[in-house]
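The values are calculated or read from the model by the stated rules, or taken from the named source; none is laboratory data. Quick caveat, the model's predicted, so the values are computed rather than measured. Glycine gets a Cβ as well: all are built from the backbone with ideal geometry, and neighbour counts include every protein chain shown. Ligands, DNA and RNA are stripped out before the accessible areas are found, and what is left, the full protein with its side chains, is counted by its heavy atoms. Shrake-Rupley method; radii C 1.70, N 1.55, O 1.52, S 1.80 Å.
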Amino acid sequence: MNDLFERTILVVDDEPINREILGNIIQTEYKVIFAADGKEALEIIHSEKSTISLVLLDLLMPVMDGNAVLKAMNEDGSITDIPVIVLTSEKSSEIQSLKLGAADFLTKPYDLPEVILARVRHSIQLFENSKIIHVTEFDKLTLLYSPDFFFEYASQFDQRFPDKVMDAVAINFTRFYLLNQLKGRNFGDQILEAMADGIRKALLKTGGIAGRNEADSFYLYIPHQNEYGIILQKITEALSSFLKPSEIRLRLGVYSDKEKQFAIIQRFDHAVQACNSLRNKTSGSTDICIYDNTMAEKEVFNAHLLQEFEAAIEQKQFKVVYQPKFNIKGEKPVLCSAEALVRWEHPKLGFVRPDLFIPLFEENGLVTKLDRYVWEEAARQISAWKKELGKTIPVSVNVSRVDIAAPDMTDFITKIVKENGLSPAEYMLEITESAYTSDSKHIIEVVENLRSLGHKVEMDDFGSGYSSLNMLTSMPIDVLKMDKAFITNIQPGNKEMKLVELVINIAKTLDASVVAEGVETEEEYKMLKDAGCDIIQGYYFSKPIPPSEMSRFV
């Protein structure tokens, strides 16, 4: 503690002269209060508990002696909050008082004042340091180890038992944030406490230690297991008082390092990676993933991609291709626009699929820079086509919820449109449906602003997320883009086709156009045309193509 904070010492002795001697010595550095016997001392301790830093306690007193005071303080927990130095002239009493929880002792007649003050300072400092350590050692909510202490104890175990094979285990509750949102923070805390209770019961079977990392993330360091079902079982049992079986969504990742080739924190990073690979598990699902060579190779591959991202941007390894969109309302399909899509032509790895690098960049905060690269390339290409073909081919670019969160997004788009001599109507924006559901108020404000500038906005991947019909009425959109999953199984009169017709009717009610993506066959094209779909995009007309090939569709 800071020396600026005044500390109070309670001197308990039935002899006035002893109280005076100790008081004169101690008051040079501390505030001193007095009690003449054990009963009076306990009354003061109970009333002034939060302000007393130390008790100097005589053992031989009338009414209630020092040992009785120590016992009473033990019973009500005071001794854990206030250290006690006993005062005695009988050596034989010292051991008994130490067993009862005394921190130290002073013998009568008293030593030099400097010695007494030194022992008082030492006892207070040790106790205060111990309290600080105790507070930070455990997570307040779950009473499991805090992260720093968990890793320290795990490292100490490795040093003491270098040949013992241990498993790093990461556990969390999938979409825990939804519990907090739906049932409140207090309920969420009860779930975390129950998970911790289940983990403690599992440790009785497996051995080892456990800590809470953050939120719903728990770490276990346990002797190597052949199967980990007992851990999930104990946690599930503990949660069963609060949740239905279908509501319990646990995932567990394991990394077992027999050679201990990685530092302890790195081993848990691997366990977390295994755990996160289960993130898309459905409701009521519990599962286990063990980190293996495949995951290790993927981790190295991802590390390469992340490391080479900046160079790829600078060297224009990312190529923007365009998938044509055709208006099918007339007698003949007519090219009306295109969607800008990104591909990575890596000099060593060759073609890297978008589904490998885009989610990775989203997780690591790089997707905004990649998107803006694509936006700039697309704006330049629209301008180039206008000069080359004498015709405007509007292009739509993808906008993620991360992009929308950036305060300068609208200014950035306005700037590149102006720099390339375009009108906002030539530059369209595709915002995924899930973005609308994540922070609808902010997104509505941004989208309304963009539309007021003249941009057309498409809701991309409609039907793949969790939007409601009620939400659609408040969302400012110009185009509803049906997810390709809608199209895959359509047949005349089947329920999939009826659902497509329903979506088209909803769009018409909202005065929005409908784009169907992923159209691959003539049969799908004809059914969508007959149903009143406005625009089609897919392999039936064209795969995504380089800019130079667009002229054949004009």
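Which angle from 0 to 90°, rounded to the nearest 10, does the C-alpha axis of helix 16-26 make with the longest principal axis of the chain?
Approximately 40 degrees, to the nearest ten.
To the nearest 10 degrees, how steeply does helix 66-76 sit against the main Cα axis of the chain, on a 0 to 90 scale?
On a 0 to 90 degree scale, this one is about 20.
Counting each pair of different Cα atoms once, what's the Kirkwood radius of the range 28-148 in Å, rounded to one decimal?
Kirkwood radius, the range 28-148: 15.5 Å.
Subtract the Cα-Cα distance of residue 392 and residue 6 from 0.36 nm times their separation in residues, and report this length gain in nm to one decimal.
Full-extension gain reported as 131.2 nm.
Measure off 7 Å from each Cα along the Cα-to-Cβ vector at residue 163 and residue 419, then give the distance between these two points in nanometres to one decimal.
My value for the distance between the label points is 6.5 nm.
Be a star and scan the range 204-244 for residues whose amide nitrogen sits under 20 Å from the point 7 Å along the Cα-to-Cβ vector of residue 175.
In the range 204-244, the label zone of residue 175 (backbone N under 20 Å from the point 7 Å along Cα→Cβ) covers 215-218, 236, 239-240, 242-244.
Hey, which of these cross-link pairs are over 19 Å Cα-Cα: 348/369; 508/529; 316/387; 495/543?
348/369; 316/387; 495/543
Between their Cα atoms, which of 201/298; 325/418; 325/415; 131/234 are more than 28 Å away from each other?
201/298; 131/234
Rounded to the nearest 500, what is the chain's calculated 222 nm mean residue ellipticity when only DSSP H runs of at least 4 contribute -39500 (n - 2.57) each, over all residues?
My calculation for the chain gives -14500 deg cm²/dmol from helical runs alone.
Got a number for the accessible area of residue 259? Probe 1.4 Å, square angstrom, nearest 10.
Accessible area, nearest 10 Å²: 140 Å².
Specify which residue in the list 544, 127, 8 is farthest towards the positive end of the charge dipole of the chain, using unit charges on the beta carbon of Lys, Arg (+1) and Asp, Glu (-1), about the Cα centre.
544
Need the list of aspartates and glutamates near residue 386 for cross-linking: C-alpha distance under 14 angstrom, and skip anything on the same chain fewer than eight residues off.
Qualifying aspartates and glutamates at Cα under 14 Å: 426.
Write down, largest first, the equivalent ellipsoid semi-axes of the chain in whole Å, where each equals the square root of 5 times an eigenvalue of the alpha-carbon gyration tensor.
Working: eigenvalues 986, 132, 112 Å².
Largest first, the chain gives 70, 26, 24 Å.
Using alpha-carbon pairs under 8 Å, 6+ residues apart, how would you state the relative contact order of the chain in percent?
This gives 8 percent for the chain.
Compute, for residue 81, the solvent-accessible surface of its heavy atoms (probe 1.4 Å) with the complete set of protein chains present, and express it in square angstrom to the nearest 10.
About 60 Å², ignoring ligands and nucleic acids.
What figure, in Å² to the nearest 10, do you get for the accessible area of residue 336 with a 1.4 Å probe and non-protein molecules left out?
For residue 336, the solvent-accessible surface is approximately 40 Å².
Take residue 473 and residue 90, extend 7 Å from each Cα along the Cα→Cβ direction, and tell me the distance between the two endpoints in nm.
8.6 nm
Give the calculated FRET efficiency between residue 523 and residue 81 to the nearest 0.05, with a Förster radius of 56 Å applied to their Cβ-Cβ distance.
Result of the calculation: an efficiency of 0.10.
From a point 7 Å beyond the Cα of residue 331 in the direction of its Cβ, which residues of the range 528-554 have a backbone N at a distance under 19 Å?
Label zone hits: 529-530.
Calculate the FRET efficiency for residue 156 and residue 353 from the Cβ-Cβ distance with a Förster distance of 41 Å, rounded to the nearest 0.05.
Taking R0 as 41 Å, the efficiency between residue 156 and residue 353 is 0.40.
Indicate the gyration tensor shape class of the range 104-200 (rounded, prolate or oblate), computed on the Cα atoms with a ≥ b ≥ c the square roots of the eigenvalues: a/c under 1.5 is rounded; otherwise a/b larger than b/c is prolate and the rest oblate.
Note, shape of the range 104-200 comes out oblate.
Within the range 68-164, which trypsin sites (Lys or Arg not before Pro) sit in a loop by DSSP and count at most 12 neighbouring Cβ atoms inside 10 Å?
Of the trypsin sites (Lys or Arg not before Pro), the ones in loops of the range 68-164 whose Cβ has at most 12 other Cβ atoms within 10 Å are 91, 140, 164.
In degrees, nearest 10, range 0 to 90: what is the angle between the Cα axis of helix 522-531 and the longest Cα principal axis of the chain?
For helix 522-531, the angle is close to 90 degrees.
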